[in-house]
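To start, the structure under review is shown below, and the notes come after it.
Only the coordinates and a few stated rules stand behind these numbers; no lab work does. Just so it is clear, the structure is predicted and the values come from calculations on it, not from any experiment. Here the Cβ positions follow ideal geometry from the backbone for every residue, glycine too, while neighbour counts run over all protein chains shown.
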Amino acid sequence: MSKHSSEAGFSLVELIIVLLTTITMAAIVVPRTSALFGNLRLSGDARALSNHAALAKMRAAADFTRARLHVDLAARTYWIERWQKTAPVGWTTEGAPTPLSFNVNMSTGGLAAPPPNTQGAIAQAPACLDNAGAAIATTACVVFNSRGIPINTVGPPTPTTDDALYISDGTAVYGITVAATGLIRTWKSGLGAPVWIKQ
């Protein structure tokens, strides 16, 4: 038997030092990881909304009809609808509703101004209309005509710059804007004074 066998292993002091080091590292890493995942959820939802708006635009042009991105502000879901010209005439849903991520809401985050050269005042897109032309409560719609141009939902179908959707998780705000030409852009701003950065 070796003379040093009683010295093998770790002492209680060494184990306490390793444990304290591990706890300290976890206290630093966990909040940063949580913030990173929150940012990834918010930016991912912004990209998904932008992609759905682009898909609605393409559907309208491909089918020579109107198409829209329908957003349920209260349920935090969105989907694409296409105007069916044959019986039964009206809006038909394509696919299942897509929910926003955990802790992400349809919100302007209290910002006072929209991204530059977009809307006159910051607001979600106008309410969706049902097949009879009545506004649907707690909704927002971006409607495209058969040429892929965003049009207003009330009155004669003319190009509009009022179409925008805003999401926030309480730390930042993303805006998806649609220009009168059909150009879809994504913006990001922190809370407080709006400083919009095109993504």
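Once a ≥ b ≥ c are taken as the square roots of the eigenvalues of the Cα gyration tensor of the stretch 153-199, is the result rounded (a/c under 1.5), prolate (a/b larger than b/c) or oblate (a/b not larger than b/c)?
Because a/c hits 1.5 or more and a/b exceeds b/c, the stretch 153-199 counts as prolate.
Between MET58 and ASN103, what is 0.36 nm times their sequence separation minus the Cα-Cα distance? Round to one decimal in nm.
Values: separation 45, 0.36 × 45 = 16.20 nm, distance 3.00 nm.
Full extension from MET58 to ASN103 adds 13.2 nm.
State the three equivalent ellipsoid semi-axes of the chain, derived from the C-alpha gyration tensor as the square roots of 5 times its eigenvalues, in descending order and whole Å.
Taking √(5λ) for each eigenvalue gives 50, 19, 13 Å, largest first.
Just want the ordering: ARG41, ARG59, from fewest to most Cβ atoms lying within 10 Å of their own Cβ.
ARG41, ARG59
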